[in-house]
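The values are calculated or read from the model by the stated rules, or taken from the named source; none is laboratory data. Source: prediction; values computed, not measured. In this analysis, Cβ positions are derived from the backbone assuming ideal geometry, glycine residues included, and neighbour counts consider all displayed protein chains. SASA here: full protein model, heavy atoms, side chains in, ligands and nucleic acids out. Shrake-Rupley method; radii C 1.70, N 1.55, O 1.52, S 1.80 Å.
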Amino acid sequence: MPAGERFSVSKLPALLKNPALIALYVVTVCMATGYYTGYSYIEPFMQQVGGVESSVVTLSLAVFGVMGLMGSWLFGRPFDGHRLSFLTVTLAGVAVALLPMQASAATIATVFAMCALWGCCGTAFNVAFQAELIKYTSEYESTVAMSIFSGLFNLGIGTGSAVGGVVVSSIGIACVATWVAPSPPLARRWR
């Protein structure tokens, strides 16, 4: 491919004045922080609150990963014709998966459903937002804009992991999603 126009540091302020790009960045940081806050305590939550055995935790995380692949596949299908609704569904899907975590510990099927929805929508969000970023930048700006996106996503990972660590070590894993009436651990219900 022929070399495109060079991007210089002097062009960075103009890039950061793009309102669509700034909105994508803000949502990305918030989404990655929330996503990785929950992800950092999913294993201890399932074991300590849900009473799920280690083998079921491993299987549910495998479901999470496989559904992430499904999210990438889904992105390739309806995204181009339904961008805004696709983005809305992916963001809402992660929230729907995370908000009722306490209730999701009710059965193994609901644990798998939570992990499936979370994995699928989380991955679909990531690829869809990258596509949006490319849409709102010029060809010579897109590599720099994508680098900023990647850095902000990693900031969200680190921040989310730190918040999740505080939740687990200071507040307590049992406090996660306590707005729902606590349910007895799976281990007691499945014996």
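Filter segment 12-46 down to the residues that are assigned to a helix (DSSP H, G or I) and more than 21 Å from the chain's Cα centre (by Cα) and list them by number.
Applying the first criterion (assigned to a helix (DSSP H, G or I)) to segment 12-46 yields 12-15, 19-40, 42-46.
LEU12, PRO13, ALA14, LEU15, PRO19, listed by residue number.
In the condition set (1) farther than 21 Å from LEU152 by Cα; (2) open to solvent by 10 Å² or more (accessible area, probe 1.4 Å); (3) within 18 Å of the chain's Cα centre (by Cα), ALA103 is compliant with all but (3). Every listed requirement among (1) assigned to a helix (DSSP H, G or I); (2) buried (at least 16 other Cβ atoms within 10 Å of the Cβ) is met by GLY51 save one, (1). Those residues that are open to solvent by 60 Å² or more (accessible area, probe 1.4 Å), under 22 Å from GLY34 (Cβ atoms) and modelled with pLDDT under 90, I need them from segment 131-167; list them, please. The answer is VAL166, and nothing else.
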